[in-house]
Amino acid sequence: MKLIDLTTNEELLLPNDLLWSDEFEWSPVTANNSYTLTGALVIQQGVRQAVRPISLKAPEQDMAWVTRATVQKLRDWSAIAGRQFRLVFEYPADTRQWVVVFAHADDPIGAEPAKGFPGHAAGDWFRVSLKFIEVPQ
C-alpha cells in the first residue's frame, strides 16, 4: 500500500496490514425521507459524487507499525490544506486506487508508540491509523 502526493509525486509506503475498517459502511446512494401534510411518505434519493470515507487502522496491536519518520511525513502532508493524494492498494487480488484528502473533521492521523513507551528517534515504531476522504477526479 502506498500514498502518493499528487503535487510532488513523492511516494510513502504504508503497511500492507492496515485494515480498511469502514469499507462496507458507506453507500453511494443517499436518501431523505419526509412526510407531507396528508401523511404521505416522500422519499428523495440521489447518488453521491464521491466523499467516501477511507479509514485505515491496525486490526491487532502488533500490526500496522511505521517509523516515527513516516508519522512525521504524514503529519507534514496533512498540514497542507487541500493537498490531494493517490492511495494505492497493491495486493495480489486487490489493486484499487483512489484520489483522497485527509479527513480533517475526524482527526486524520492517529499514532501511538508500538511498544508502549514514547519513541523519540526517527526509527522508533508507532502503530498508525489514517482517515481519508475520496474526492472526485
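Criterion first (modelled with pLDDT under 95 and closer than 26 Å to F126 by Cβ) does A58 satisfy it?
Judged against the criteria, A58 is a match.
If A69 satisfies all but one of (1) part of a helix (DSSP H, G or I); (2) under 16 Å from L19 (Cβ atoms), what's the number of the condition it fails?
(2)
In this structure, is V100 in contact with a Leu (Cβ under 8 Å, 6 or more places away or on another chain), more than 21 Å from P28 (Cα to Cα) and assigned to a strand (DSSP E or B)?
No: the conditions fail for V100.
Give me the residue from the stretch 59-80 that is over 21 Å from E11 (Cβ atoms) and not polar (S, T, N, Q) and, out of that set, surrounded by the most Cβ atoms within 10 Å (Cβ to Cβ).
M63
Just name the residue that is surrounded by the fewest Cβ atoms within 10 Å (Cβ to Cβ) out of those in the stretch 111-128 that are part of a strand (DSSP E or B) and in contact (Cβ under 8 Å) with a residue 40 or more places away in the chain.
Of everything passing the filter in the stretch 111-128, W125 is surrounded by the fewest Cβ atoms within 10 Å (Cβ to Cβ).
Among the residues in the stretch 89-96, are any open to solvent by less than 30 Å² (accessible area, probe 1.4 Å), outside any loop (DSSP other than H, G, I, E, B) and in contact (Cβ under 8 Å) with a residue 40 or more places away in the chain?
No - not one qualifying residue is present in the stretch 89-96.
For the stretch 16-31, which positions are of a type outside the set (D, E) and either modelled with pLDDT of 95 or more or within 17 Å of W98 (Cβ to Cβ) (or both)?
N16, L18, L19, W20, S21, F24, W26, S27, P28, listed by residue number.
Identify the residue in the stretch 25-77 that is among the small types (G, A, S) and without any contact (Cβ under 8 Å) to a residue 40 or more places away in the chain and, among all such residues, is nearest to G116 (Cα to Cα).
Restricting to residues being among the small types (G, A, S) and without any contact (Cβ under 8 Å) to a residue 40 or more places away in the chain, the top hit is S27.
Which members of the stretch 42-56 meet the condition of being over 30 Å from P15 (Cα atoms) and open to solvent by less than 90 Å² (accessible area, probe 1.4 Å)?
Residues satisfying the conditions are V42, G46.
Can you tell me which residue within the stretch 16-32, out of those that are assigned to a loop (DSSP other than H, G, I, E, B) and of a type in the set (S, T, Y), is surrounded by the most Cβ atoms within 10 Å (Cβ to Cβ)?
My answer is S21.
The values are calculated or read from the model by the stated rules, or taken from the named source; none is laboratory data. These numbers were taken from a predicted model, which means no experiment stands behind them. For neighbour counting, all protein chains shown are included, and Cβ atoms are generated from backbone atoms with ideal geometry for every residue, glycine included. The accessibility values were calculated without ligands, DNA or RNA, using every heavy atom of the protein model including side chains. Shrake-Rupley method; radii C 1.70, N 1.55, O 1.52, S 1.80 Å.
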